[in-house]
Amino acid sequence: MKIRVLHIIDHLGPGGAQVLVKNIAEKISNEHIETFVCALRTSPLAIPVEARLINLTYRKYNPCAIFAIAKLCKKYKIDILHAHLTKSVITSLMANFISKTPVIVHEHGPIFRKGLPFSIYRVLLRMFHNRAAAIVANSQATARQLVQSAAIGANGVEVIPNALDFGPFDSSKVARSKARAKLGISEKDIVVGFVGRLHRVKGVDILIQAVCSLLRQSSNYLLVIAGDGPQRDSLEALAAQLGIAHRAKFLGMCDKAAEVMSAFDIGIVPSRQEPFGIVLLELMRMKVPVVSSGVDGMGELVSNGQTALVAEPNTPASICDCVKRLVEDVQLQRRLTENAYKFSEQFALTNQTDSIKKLYYQICKDVD
């Protein structure tokens, strides 16, 4: 008889947790496991998921969502609730009081974030985490934060690192010259690139200031930013204020991140806070040399001078120095990209899905 797993997530708009749910739902289903995906609210930018999809309409911490999830567990005879992101985690833990369905809390990073909603999340998680059958963290840094912020015993958290579907991120399948031509980039341009959400925690303002310094030394530098978010307008305004708007391309949301990355000479990940850092793996697979901060979970993915150059401290001046060092040393570029590519192999999607399947089997065994 199949194990029926219902993934609960706040929404299916673009994001790392959403991609993880998509990958698990599509890759883990087999003759032993059947997956369902439930979004607490709809999103106009929802990513497609090839699984039994259920959309609800609860935008905030709405008690009605608790009863809705409990009903879904009964209707579809769900064996495991796999909860992702704040509202889904708390709602699923509360639904457990009614349905008794075992809950997996999968922490992707909200435990780090500041602000009243996340403070409430930490308090509620501290109160109800004992209802969970398992608590999963996407990195050792996230596990430590769960122990510190939610008073979860160190042995009560299982680390299952995020993973990447290597298929779309294959540098041999994307022609650099075509990608650059498509973006209007000349061969003399030295492209310093960023891919991600335009939010303060991602540190894009630090990158813009660094490129401003680089452009004082050479007019060949070009900043390319792929992504969208609440800071986009202010970041564009910063580029204009610094007088580099003519050398900064804001591409918005891009469906084909690998194609954009193939146009980069150097990828920058200047995050102020990052529980994991999936974009690092994407750049590694695309064989793009990386300059990164070493904050939180990213410190587990980069080794300074071996797989990336780590900007310490994470300042415009440090990033500027790292970029110049890479531009001037082709052999360093080659060593970093080769080492990083090999290092990234351990984050294959099959490794993650195998660990999650093992967890499902163990929970069902414990229930029986």
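The values are calculated or read from the model by the stated rules, or taken from the named source; none is laboratory data. Values in this document were obtained by computation on a predicted structure and should not be read as measured data. Note that each Cβ is placed from the backbone with ideal geometry, even for glycine, and that neighbours are counted across all protein chains shown.
For this structure, a couple of remarks:
- Flag if GLY115 is crowded, with 17+ Cβ neighbours inside 10 Å, among the small types (Gly, Ala, Ser) and under 19 Å from PRO275 (Cα atoms): no
- Matching option when the condition is under 18 Å from ARG4 (Cα atoms), among the hydroxyl-bearing types (Ser, Thr, Tyr), in contact (Cβ under 8 Å) with a residue 12 or more places away in the chain and touching a helix residue (DSSP H, G or I) at 6+ places or on another chain (Cβ under 9 Å), among SER99, SER139: SER99
- Test for LEU198: is it under 23 Å from ILE185 (Cβ atoms) and not aromatic (Phe, Trp, Tyr): yes
- Of all residues in the stretch 29-62 being of a type outside the set (A, V, I, L, M) and within 18 Å of GLY16 (Cα to Cα), the one that is surrounded by the fewest Cβ atoms within 10 Å (Cβ to Cβ): PRO44
- Meets criteria (surrounded by 16 or more Cβ atoms within 10 Å (Cβ to Cβ) and aliphatic (A, V, I, L, M)) for ALA151: no
- Members of the stretch 55-84 that are assigned to a strand (DSSP E or B) and touching a residue at least 40 places away in the same chain (Cβ under 8 Å): ILE80, LEU81, HIS82, ALA83, HIS84
- Count of the stretch 33-54 residues which are in contact (Cβ under 8 Å) with a residue 60 or more places away in the chain and either hydroxyl-bearing (Ser, Thr, Tyr) or touching a helix residue (DSSP H, G or I) at 6+ places or on another chain (Cβ under 9 Å) (or both): 1
- Checked against the criterion of being outside any helix (DSSP H, G or I) and touching a strand residue (DSSP E or B) at 6+ places or on another chain (Cβ under 8 Å), the stretch 88-102 contains one or more residues that satisfy it.
- Being within 16 Å of LEU164 (Cα to Cα), within 19 Å of the chain's Cα centre (by Cα), of a type outside the set (Phe, Trp, Tyr) and modelled with pLDDT of 95 or more is true of SER344.
- Against the numbered list (1) in contact with a strand residue (DSSP E or B) (Cβ under 6 Å, 6 or more places away or on another chain); (2) buried (at least 22 other Cβ atoms within 10 Å of the Cβ); (3) over 19 Å from HIS11 (Cα atoms), LEU125 comes up short only at (1).
- Within the stretch 94-103, the presence of at least one residue that is touching a Ser or Thr at 6+ places or on another chain (Cβ under 8 Å) and either at pLDDT below 95 or on the phi < 0 side of the Ramachandran plot (or both) is confirmed.
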